């Protein structure tokens, strides 16, 4: 089968990571795999040399906008016809591009799959864009969801189009050595600095925990960076830390390429999102054996964590409960260790990369048949 992944770029996010992971696994299974990017930028994720790469160049011209859009559409259609895929999987492609994909494939035998990577109700605040997304799902031959909870956001008429395939967990996180938890001091969080991730909640909860307990040794390190459109989020977080006088306790080192070392050295993982799709960072922290505290946001965390057994879930936006959960891990390091071990055991039962890719491939064959 000739499988084409289309994504804006292979830089810096969970969707981009999953495209690389699934492409690598599928090509090892003997499938012909292509990745077509809208933006030609440096990759963050390694791709097997057998995966064929393309850059969907927009048609560049001056003049009337509608004419330029038509020329871009024709250019994309021509490039996609050259690839001649059996199925195209769209990952976080802008909706105007998605309809270009639809128009480029509508008179061909190529099937089109829309992928839902976040919470369908929360990830797109603009009502017009939400309507466009709903239309994109209806026009598609299939819709790839990550969790069972995402089904509730789709009408009965679309249920047959949906198929569920979980994210691939890189086995390297299961191999990270875990030290015996004698004390919990170093909290970490991983994720882009974005209002959705609500790192402000983590900072405020950490500050509240310190005020209530008088703790003098705990630290909070938030790894990640803000993208161009959300620079203010990063500035606001740093301003909040300054106002709380926590510059020596809360740190923003940016993105890192040493994530395994960071998980190994951390004592606990905290996650404050208001909504999610399926959080890779939380899954990886659990695989690394870290005790994890997460907001019980829709969707994702509750399908990973059983509260009190292999992690702690707190209400979305609840500073007080998040602070008490941090305090609980500090006061009960032995229990924290047990939660971390249970989290790793749960992730050890997660499907392998081959199993997830096989599940995807079976659904793609069904859609194309």
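Every number in this text was worked out from the coordinates using simple rules, so none of it is lab data. Predicted, not measured: the structure shown is a model, and the values here were computed from it. Cβ placement follows ideal geometry from the backbone for every residue including glycine, while neighbour counts extend to all protein chains displayed.
Results, tabulated for the structure shown:
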| quantity | calculated |
| --- | --- |
| Residue 11 versus residue 274: modelled label distance in nm, points set 7 Å from Cα along the beta carbon direction | 2.6 |
| Between helix 199-213 and the chain: long-axis angle, C-alpha atoms, 0 to 90°, nearest 10 | 10 |
| Part-to-part distance (alpha-carbon centres) for segment 239-307 and segment 170-202, which is given in Å | 4 |
| Crossing angle, helix 14-28 versus the chain [Cα axis fit, 0-90 degrees, rounded to tens] | 60 |
| Segment residue 359-residue 82, extension gain: residue separation times 0.36 nm, minus the distance between their alpha carbons | 97.0 nm |
| Contour minus Cα-Cα distance for residue 131 and residue 44 (0.36 nm per residue) | 28.1 nm |
| Acute angle (nearest 10 degrees) that the helix 95-105 long axis makes with the longest principal axis of the chain, alpha-carbon atoms | 40 |
| Simple spin-label estimate for residue 186 and residue 257 in nanometres, 7 Å along Cα-Cβ | 2.1 |
| The chain: relative contact order in percent, alpha carbon pairs under 8 Å with at least 6 residues between | 16 |
| Global form of segment 136-229, assessed from the alpha-carbon gyration tensor, a/c cut-off 1.5 | prolate |
| Spacing of the two label points (7 Å from each Cα toward its C-beta) at residue 366 and residue 320, in nm | 4.6 |
| Length-normalised contact order for segment 149-275 - Cα pairs under 8 Å, 6+ apart - percent | 37 |
| Segment 171-348: C-alpha gyration tensor shape, a/c 1.5 cut-off, then a/b vs b/c | rounded |
| The chain, helix-only ellipticity at 222 nm - DSSP H runs n ≥ 4, -39,500 (n - 2.57), divided by all residues, nearest 500 | -13000 deg cm²/dmol |
